[in-house]
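Novice: Just passing along the structure, written as structure tokens.
Just so it is clear, none of the values below were taken in a lab; they were calculated from the coordinates. Note that the structure is a prediction, hence the values are computed from the model and not measured. Using ideal geometry, Cβ is built from the backbone for each residue, glycine included, and neighbour counts are taken over all protein chains shown.
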Protein chains: 6
Amino acid sequence: MSEVAGRMSIQAGAMALEKSMGGRGMLLGGVPGVEPAKVVIIGGGMVGTNAAQMAVGLGADVVILDRSIDALRRLNAQFDNRVKAIYSTADAIEKHVLEADLVIGGVLVPGAAAPKLVTKDHIKRMKPGSAIVDVAIDQGGCVETSHATTHQDPTYIVDEVVHYCVANMPGAVARTSTFALNNATLPYIIKLADMGYREALRQDKHLLNGLNVMHGKVTCKEVAEALNFEFVDPSVLLA
Amino acid sequence: MSEVAGRMSIQAGAMALEKSMGGRGMLLGGVPGVEPAKVVIIGGGMVGTNAAQMAVGLGADVVILDRSIDALRRLNAQFDNRVKAIYSTADAIEKHVLEADLVIGGVLVPGAAAPKLVTKDHIKRMKPGSAIVDVAIDQGGCVETSHATTHQDPTYIVDEVVHYCVANMPGAVARTSTFALNNATLPYIIKLADMGYREALRQDKHLLNGLNVMHGKVTCKEVAEALNFEFVDPSVLLA
Amino acid sequence: MSEVAGRMSIQAGAMALEKSMGGRGMLLGGVPGVEPAKVVIIGGGMVGTNAAQMAVGLGADVVILDRSIDALRRLNAQFDNRVKAIYSTADAIEKHVLEADLVIGGVLVPGAAAPKLVTKDHIKRMKPGSAIVDVAIDQGGCVETSHATTHQDPTYIVDEVVHYCVANMPGAVARTSTFALNNATLPYIIKLADMGYREALRQDKHLLNGLNVMHGKVTCKEVAEALNFEFVDPSVLLA
Amino acid sequence: MSEVAGRMSIQAGAMALEKSMGGRGMLLGGVPGVEPAKVVIIGGGMVGTNAAQMAVGLGADVVILDRSIDALRRLNAQFDNRVKAIYSTADAIEKHVLEADLVIGGVLVPGAAAPKLVTKDHIKRMKPGSAIVDVAIDQGGCVETSHATTHQDPTYIVDEVVHYCVANMPGAVARTSTFALNNATLPYIIKLADMGYREALRQDKHLLNGLNVMHGKVTCKEVAEALNFEFVDPSVLLA
Amino acid sequence: MSEVAGRMSIQAGAMALEKSMGGRGMLLGGVPGVEPAKVVIIGGGMVGTNAAQMAVGLGADVVILDRSIDALRRLNAQFDNRVKAIYSTADAIEKHVLEADLVIGGVLVPGAAAPKLVTKDHIKRMKPGSAIVDVAIDQGGCVETSHATTHQDPTYIVDEVVHYCVANMPGAVARTSTFALNNATLPYIIKLADMGYREALRQDKHLLNGLNVMHGKVTCKEVAEALNFEFVDPSVLLA
Amino acid sequence: MSEVAGRMSIQAGAMALEKSMGGRGMLLGGVPGVEPAKVVIIGGGMVGTNAAQMAVGLGADVVILDRSIDALRRLNAQFDNRVKAIYSTADAIEKHVLEADLVIGGVLVPGAAAPKLVTKDHIKRMKPGSAIVDVAIDQGGCVETSHATTHQDPTYIVDEVVHYCVANMPGAVARTSTFALNNATLPYIIKLADMGYREALRQDKHLLNGLNVMHGKVTCKEVAEALNFEFVDPSVLLA
């Protein structure tokens, strides 16, 4: 789903920059003679790489920030010199966010709250009419001023900055997302159908990792802790 | 303005394909494993070329139809094999429109009503949830079912096909459009300031062609005819 | 050799589509104004990736099917949006094979018969004059109607579909293939020359894996089983 | 048709380089680690540009020779640095032809015999197993040793160089060629149908230029001269 | 020669940015994680387009300024979104020059002094260690602080900005330049050899335009005026 | 630093080819009509890949030699067919070095003297005025005739071949190199600041590997051996 959300974030951002949404009224790629928008993508993982691909495709001036040298090298090789892959520091984030027309927040730490890399103070000093798409909103967001919105009412404005923070972004492109999910889950479903659930769980540790409850016992550690239940190792129950 | 409208048409179309707008819920570029949308662009001029550039950039499967072999060659050289540049016949339009997820109507005949290349019958037989952006709407549109809409309420649905027919599309990206217009008009303004209007009109025939009224006389033939006034050749008045 | 075969498959397919071979008489890349051929590549491994590179280079409309999401992502990143990388299901294979002008069968399971992914029924319903190149023919082929042919008489026709199923395809480009083989084997030969065979086998487990017979004993498990000999672990003999 | 022939010339050349045809047994693009074939294209017009597009697509090492600086600049801009666009002199032709694995003869002077740019002496000194495709064969060929062949028996060998000199190359891809011809002729046919032949000839000077005989008079100067008939200006007959 | 000078300007600029020359110590393309240099090219003609091609190739962040919308469109189509093609105004020049690490002055008005688009004031406010290459130096330069230098001592520093203003830049790559000149002049030389000078001058008006003196008379208007000689029309002398 | 040195090597080589340095007077990319320089890069690792990226960007004819098939495949995929990725043998090195205008020596064996792949005999037989940049000079160089030079006096000539062998090449672009080093070392500095050196060394084995001396004991094996000190395992001292 990160691929879908990353790709969608750019078309959401393009819309948020339109005049009627409160944005600066800029076309991401400009036109010959007129400057393109500066798009700053925080995080060079799956979300950020897919966002960069779309932003480059629309002709924007793209900066992508990450703390992994390996990720920066991969981005540099994949996009040639069409994105600036910059090492992420507090300083670099501030410099580029304040120059940005569109910021994509794409930093997700699996199973943890996203770090608040864009602060209230940044938002106050961003250009009027600039926009921010917080793709990390499902994990609390990586922008201090962001709170979840819906596809019906996707944006709100703080300090003249348009915020797009739709939870479950992939829902807007349900057809594409459904196929993507099917492709990812089909191998497990075939295993379940072929072997039955016990044997499938025994043979496939990825499937086992996804098991939350069995025989009335909570078999996922994080869920057990969060809800104050006893945790039981699923392999014990399968034996 | 055709460049702005052509580029914007793709982001308008991407939005029109979202589920909440009544669209098929497709991401233009798909994701790895899932098919991209088929975008059919009618007309390979300024609007169509700019639309194609954006659609290719977003990873769509792009077909562009035109009747000029020279235009098709130019498109083929510019986009390599990333667009299919097809000779436009009634047959080709029907085939590709019926397979399309998104149709861009970009056929404009300067100073004349646009031809209705996409018919009511096509619309009836298009895929449910597909979308159409009629960039030619300012000249009557090149789709039989299109009528002008506004940025506040940009789309409507006919036979399950989402129509985006905003008149004055470039208004949504006012900043980009303003700079683009400035760039196009600045040379004339400098001439007017440097020489005065009489000398500027005398020396620059493009400027003269744009003169509509002078000394109370209508100096533009088309306007004179349309409004039933006497036409006076501007060079007579300038002498 | 998979690289050579994959690359050759497209020029073999281009030839098979010529009128004099019984093909549809299509140029893979079309020309400006005329549609390119649709090339469907089954399998996104070494054969398929190299075939895709050539098909894209000739301007064809390329679909590549694979069941690995990772492979699809790699193909998407490598070819940008010049190939459609689609998740392979029975349904997807049928849809794309029936629309294809050229099918490349590139599914090889090392050490096992290739799965018959293109069926007799598919062949019957393919377009007349379409062509199929079965690169997996050395392992039995991944097309139900395929049987091995030679460079002297490379094609035959079943149900109006041209079949190119030359065993040992790389033989046609002997010079290129010889250098490719040399490059792959030279490091082993240098080791054998420098150290003698015993020491070389001890130090290089890839070389050891290639040992089939030693001191009259069969040291390759699969060969021993297939021919009903006793298997002896080569490390025992080397000690 | 030059587009079709130019594109086909590379797949014809690829086949001519195969071992079974007497060629060097080289894959045009090589494989990683093994050198690609050197393809030398004489003439940077429609034939040469289309040939270059295909040769680059297959990964060959491409040199294109032309005497027009404008053509060389256009090729350089279109192909970036993927072809070497070299000014054509007797010296340059000799140097590159002798180093070539595949030569494409694409020099056509409309309405005149093609110049013999590749001489018997060149052929004698070319690499054994190299190949030559003479696209100009319909106008006598631009290679001294070339004579027309057919799709049934397309190649012959002179001094160990494989010659492919099929007259009417586009016939092999009849479907693509037919559509291409239709696209080029359709506008004239519509005019003829709409206006009748007299009015159509009067209004369209390209159509008029194609008129060879009218009212029993030869109206094409070159034909009249070649066949020793009186030439009559068609506009006189139309009046 | 503009092509050679335009291409060389970027490698001259790269050297001028090295620490030992007094430059900022920046690599034009940066490395993954580190920002590339901003290269601002004034003028989108032959010099500027060739400079842009090299700067893009080295991975710099490239802005090109021109006053022709057509030139900007051509640059946008040729370089995709790898350069920002901006309409040139006094304002735009100031903004981009002050942000630049390297400025290429490529504005040449044939037969006239180049306009001083970069002023002393700009130079004062440019970043310390930034560099400027004035390709227009042979026509007086387009930078107020520039004066001609030599290949032996190519640079000097004004207000901490490194100036590279070598007159006759192509002399540094004499071999490439000689071939380029040969290619441009060979057709005339062949004509002179084939026809004699009188006939050649009569038939080729480009050659005639290059004639400066004949029979002791000055036949080039600009030279005659500049040196205060009588001008004689060459066609009179040829008659 | 290999990235910086690899990228710089091409601009150093471009300068070394200039006439005033004793070079052939060639522009790396040629111009339309004139052949580009042949750049031969020995080694396809970090140095070679970055050098190739720049050489391709400048339009040179690039050959890269390596002994790893995987590296050759990666280079082929990354650069498409813009570099020839050739398997490195003594034979291939000799052939390509003798044809080269510019050789980049980029073979570095970490912690060992670089192998002398380009011999005195090669240098004698290279083209007069060709150039060689030995990036491996900090480890003794991979060219028999190379010895370290400085940024003040970067080149010398042996047998008419210009040698550029500056030790510490990245020093010329100090700003870029400093940021690159910062990015690589910052994570360690933060750890040291957060945890103190003992805990940081305990938790991060990469940091520990970099420890040379602790409590008066040499904790780096290579240093201890080279300087004839007793080696003490750092984990003993940390305990």
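Novice: Charges only on Cβ, +1 for Lys and Arg, -1 for Asp and Glu: so what's the dipole of the protein assembly as shown about the Cα centre, in debye to the nearest 20?
Specialist: 0
Novice: What do you get for the angle between helix F:2-16 and the principal long axis of chain F? Use alpha-carbon atoms, 0 to 90 degrees, nearest ten.
Specialist: 30
Novice: What does the C-alpha gyration tensor say about the overall shape of the protein assembly as shown? Classify as rounded when a/c is under 1.5, otherwise prolate if a/b is larger than b/c, or oblate.
Specialist: rounded
Novice: Could you tell me what a quarter of the Cα convex hull surface of region A:2-172 works out to, in nm² with one decimal place?
Specialist: Its Cα hull, projected and averaged over all orientations, spans 8.9 nm².
Novice: Between F:134, F:80, F:204, find the one with the highest GNM mean-square fluctuation for chain F; connect C-alpha pairs within less than 10 Å.
Specialist: Largest GNM mean-square fluctuation: F:204.
Novice: Kindly give the distances from residue C:91 to its copy-mates, label point to label point, with each label point 7 Å from Cα along Cα→Cβ, as nm values to one decimal ordered shortest first.
Specialist: Label-point distances to the other copies, shortest first: 3.3, 5.4, 5.4, 5.6, 6.7 nm.
Novice: I've got another one for you. Got a sec to turn the phi values of region A:190-196 into Karplus ³J(HN,Hα) couplings, 6.51 cos²θ - 1.76 cosθ + 1.60 with θ = phi - 60°, whole Hz, x for Gly and Pro?
Specialist: 3J(HN,Hα) across region A:190-196, in whole Hz: 4, 4, 4, 5, 6, 10, x.
Novice: Cα to Cα, under 28 Å, and not fewer than 8 places away if on the same chain: which lysines meet these conditions relative to residue F:116?
Specialist: Within reach: C:191, F:19, F:38, F:84, F:95, F:124, F:127, F:221.
Novice: So, one more: What order do you get for C:73, C:82 when you list them from fewest to most C-beta neighbours inside 10 Å?
Specialist: C:73, C:82
Novice: Further question: With a 10 Å Cβ neighbour count serving as the proxy for reagent exposure, in which order, fewest first, do C:9, F:177, C:235 appear?
Specialist: Taking fewest neighbouring Cβ atoms as first place, the list is C:235, F:177, C:9.
Novice: A further question follows. Mean separation of Cα pairs under 8 Å and 6+ residues apart, divided by the residue count of region E:2-167: what relative contact order is that in percent? Spell out each step's value before the answer.
Specialist: Details: 387 pairs, mean separation 37.4, N = 166.
Reported relative contact order: 23 percent.
Novice: Modelling each spin label as a point 7 Å along the Cα-to-Cβ direction, I'd like the residue B:227/residue C:153 distance in nm, to one decimal.
Specialist: Modelled inter-label distance: 8.3 nm.
Novice: If you average the C-alpha positions of region C:134-169 and of region F:54-105 separately, how far apart do those two centres end up, in angstrom?
Specialist: Between the Cα centres of region C:134-169 and region F:54-105 lies a distance of 36 Å.
Novice: When we measure straight from the Cα of residue C:120, which aspartates and glutamates land under 15 angstrom away, once same-chain ones fewer than 8 places off are left out?
Specialist: C:94, C:134, C:144, C:159, C:160
Novice: Run the helix sum for the protein assembly as shown: -39,500 (n - 2.57) per DSSP H stretch of 4+ residues, divided by residue count, reported at 222 nm to the nearest 500 deg cm²/dmol.
Specialist: One gets -12500 deg cm²/dmol as the mean residue ellipticity at 222 nm.
Novice: Return a whole-number percent for the relative contact order of region D:122-175, with Cα pairs under 8 Å and 6 or more residues apart as the contact set.
Specialist: On the way: 81 pairs, mean separation 21.3, N = 54.
Reported as a whole number, the value is 39 percent.
Novice: Turning to a different aspect of this structure: Please say if region A:174-238 is rounded, prolate or oblate, where rounded means a/c under 1.5 for a ≥ b ≥ c the square roots of the C-alpha gyration tensor eigenvalues, and otherwise the choice is prolate for a/b larger than b/c and oblate otherwise?
Specialist: oblate
Novice: Cut-off 10 angstrom, C-alpha nodes, Gaussian network model of chain D. Which of D:68, D:146, D:130 fluctuates the most?
Specialist: Looking only at D:68, D:146, D:130, the largest GNM fluctuation is found for D:68.
Novice: I would also like to ask the following. Got a sec? How would A:64, D:41, A:137 order by Cβ neighbour count within 10 Å, fewest to most? Kindly include the intermediate steps, with their values, before the conclusion.
Specialist: Details: A:64 29, D:41 34, A:137 24.
Sorted ascending by nearby Cβ count, the order is A:137, A:64, D:41.
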